[in-house]
Amino acid sequence: VPAVPVLFKQALENTDTEEGKSVSLRCELTKADATVVWRKGEATLQASAKYEMKQKGTVAELVIHNAEPEDA
């Protein structure tokens with residue numbers, strides 16, 4: 001039996017914030033607790049004081065703290 005692919009039910013949307021504030025990016029997947037990797041270009045983001053990754057069920061969230069223009 002072939003594996004069912006994990007798809008986006010709700011894709012990321014562009015989000016604006018003020019410099020120095022936090023911003024939250026969310027997406028919803030078709031499978032609960034699927035492995036999610038957050039990337040900026042070719043770079044994989046790692047959890048840190050700046051990047052907070054959360055996942056509950058089918059919703060994955062990336063919170064960027066102290067947003068800067070380079071985070072666009």
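Just wondering, is there one or more residues in segment 61-72 that are exposed (fewer than 11 other Cβ atoms within 10 Å of the Cβ) and in contact (Cβ under 8 Å) with a residue 40 or more places away in the chain? Yes.
The residues of segment 33-44 that are assigned to a loop (DSSP other than H, G, I, E, B) and not small (Gly, Ala, Ser), listed by number, are Asp33, Thr35, Val36, Val37, Trp38, Glu42. When the residues of segment 16-25 are filtered to those that are open to solvent by less than 60 Å² (accessible area, probe 1.4 Å) and not polar (S, T, N, Q), the one that is nearest to Val6 (Cα to Cα) is Leu25. State whether the residues of segment 18-32 include one that is at pLDDT below 95, in a loop (DSSP other than H, G, I, E, B), under 14 Å from the mean Cα position of the chain (by Cα) and of a type in the set (Asp, Glu). Looking through segment 18-32, none of the residues is at pLDDT below 95, in a loop (DSSP other than H, G, I, E, B), under 14 Å from the mean Cα position of the chain (by Cα) and of a type in the set (Asp, Glu).
Among the residues making up segment 33-54, those that are surrounded by 10 or more Cβ atoms within 10 Å (Cβ to Cβ) and at pLDDT 95 or above are Trp38, Leu45, Ala47, Lys50, Tyr51, Glu52, Met53, Lys54.
Looking at segment 26-72 only, could you name the residues that are among the hydrophobic types (A, V, I, L, M, F, W, C) and under 22 Å from Pro5 (Cβ atoms)? Explain how you work it out, then say what you get.
Residues of segment 26-72 among the hydrophobic types (A, V, I, L, M, F, W, C): 27, 29, 32, 34, 36-38, 43, 45, 47, 49, 53, 59-60, 62-64, 67, 72.
If the condition is that a residue be among the hydrophobic types (A, V, I, L, M, F, W, C) and under 22 Å from Pro5 (Cβ atoms), then Cys27, Leu29, Ala32, Ala34, Val36, Val37, Trp38, Met53, Val59, Ala60, Leu62 are the ones that fit.
Taken over segment 45-70, the residue count meeting the criterion of being within 20 Å of Asp33 (Cβ to Cβ), part of a strand (DSSP E or B) and of a type in the set (A, V, I, L, M, F, W, C) is 5.
The values are calculated or read from the model by the stated rules, or taken from the named source; none is laboratory data. Owing to the predicted nature of the structure, the values given are computational and were not obtained by experimental measurement. As a convention, Cβ positions derive from the backbone with ideal geometry for all residues, glycine included, and neighbour counts pool all protein chains shown. Keep in mind that these areas ignore ligands, DNA and RNA; they rest on the heavy atoms of the full protein, side chains included. Shrake-Rupley method; radii C 1.70, N 1.55, O 1.52, S 1.80 Å.
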